[in-house]
Amino acid sequence: MSQPGRGRLVVISAPSGAGKTTLVRELLGREPSLRFSISYTTRPPRATEMDGEDYFFVDERQFERMRSRNEFLESARVFDHWYGTGRAHVDSLLTEGFSVLMEIDWQGAQQIRGSDPHAMGIFILPPSKRELERRLRGRGTDPEPVIARRLADAVDDMSHWREFDYVVVNDDVDAAADRLVRILRGSGEEFATDDAATAARVERMLAA
Ligand code: 5GP
């Protein structure tokens, strides 16, 4: 049973290239009762990232210590690095009544589903494979094998969409944020992964 007054976990996953980060930022701006869970990672920060804002950047030893103390709600190795959600921070936000948005990969989403049946899972898809490829190619400065690996990883990630409660296509940030708000407010049935029309549309997109 979920406790009254306690917030809910909202898990958002997407392949890279789906435009998830911009969408999540938009959603957080629209939903004041929703707070972002800042993950821990062993990945080095990118030029624009701030410690304690985008991630808590830690080394492998710190991460391993936290793992051995059971301080993560979930954790997974994604690409070449470790990522994990700190249990204490999420728990205090939930107790305060906030819903907590976790932007994590499908492996972490599986762990959350196993430990919290009330968690809501949403999968974000790009509008098409072609658009995904265009986004992953970026400025065109990466070598072809790097792009090929990114694409293969993204296709592999997308195969997990059915494990989520809802699926949202990010064709336009504003429209996709509207869909997410509807889902969070309990009126997004048409985006449910068990909705036959939605499932057929997603299958068609993935097969194209
Ligand atoms: P990036 O390094 O590009 O920020 O993220 C790479 C992948 O790691 C993304 O799929 C992102 O959702 C995932 N990720 C970020 N934080 C966490 C986390 O705390 N746990 C898990 N399982 N995955 C995460």
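Considering (1) in contact with a helix residue (DSSP H, G or I) (Cβ under 7 Å, 6 or more places away or on another chain); (2) farther than 16 Å from Asp116 by Cα; (3) more than 9 Å from the ligand (Cβ to nearest atom); (4) of a type in the set (A, V, I, L, M, F, W, C), the lone condition that Met66 does not fulfil carries the number (1). When the residues of the range 44-96 are filtered to those that are aromatic (Phe, Trp, Tyr) and out of contact with any Gly (no Cβ under 6 Å at 6 or more places or on another chain), the one that is surrounded by the fewest Cβ atoms within 10 Å (Cβ to Cβ) is Phe79. Exactly one residue out of Arg25, Arg43, Arg35 is closer than 19 Å to Asp174 by Cα and either acidic (Asp, Glu) or within 16 Å of the ligand (Cβ to nearest atom) (or both): that is Arg25. Scanning the range 89-99 for residues that are modelled with pLDDT of 95 or more and within 14 Å of the ligand (Cβ to nearest atom) turns up just one, Val90. Selection of the range 112-128 for residues being open to solvent by less than 60 Å² (accessible area, probe 1.4 Å) and more than 14 Å from the ligand (Cβ to nearest atom) yields Asp116, Met120, Pro127, Ser128. Taking the range 160-186 as the range and being of a type outside the set (Asp, Glu) and open to solvent by 80 Å² or more (accessible area, probe 1.4 Å) as the test, the residues that pass are Arg162, Arg182, Arg185. Taking the criterion of being buried (at least 19 other Cβ atoms within 10 Å of the Cβ) and over 29 Å from Arg137 (Cβ atoms), the only residue of the range 19-34 that qualifies is Leu34. Looking across Ala76, Ala14, Ala109, one residue alone is in contact (Cβ under 8 Å) with a residue 24 or more places away in the chain, small (Gly, Ala, Ser), in contact with a Lys or Arg (Cβ under 7 Å, 6 or more places away or on another chain) and within 9 Å of the ligand (Cβ to nearest atom). It is Ala14.
Any residue in the range 138-149 that is of a type in the set (Val, Ile, Thr), without any contact (Cβ under 8 Å) to a residue 12 or more places away in the chain and either assigned to a loop (DSSP other than H, G, I, E, B) or under 29 Å from Gly86 (Cβ atoms) (or both)? Yes; the residues of the range 138-149 include at least one that is of a type in the set (Val, Ile, Thr), without any contact (Cβ under 8 Å) to a residue 12 or more places away in the chain and either assigned to a loop (DSSP other than H, G, I, E, B) or under 29 Å from Gly86 (Cβ atoms) (or both).
The values are calculated or read from the model by the stated rules, or taken from the named source; none is laboratory data. What you see is a predicted model, and the numbers here were worked out from it, not measured in a lab. Methodologically, a virtual Cβ is constructed for each residue, glycine included, from the backbone with ideal geometry; neighbour enumeration extends over all protein chains shown. Only protein heavy atoms, including side chains, enter the accessible area calculation; ligands, DNA and RNA are left aside. Shrake-Rupley method; radii C 1.70, N 1.55, O 1.52, S 1.80 Å.
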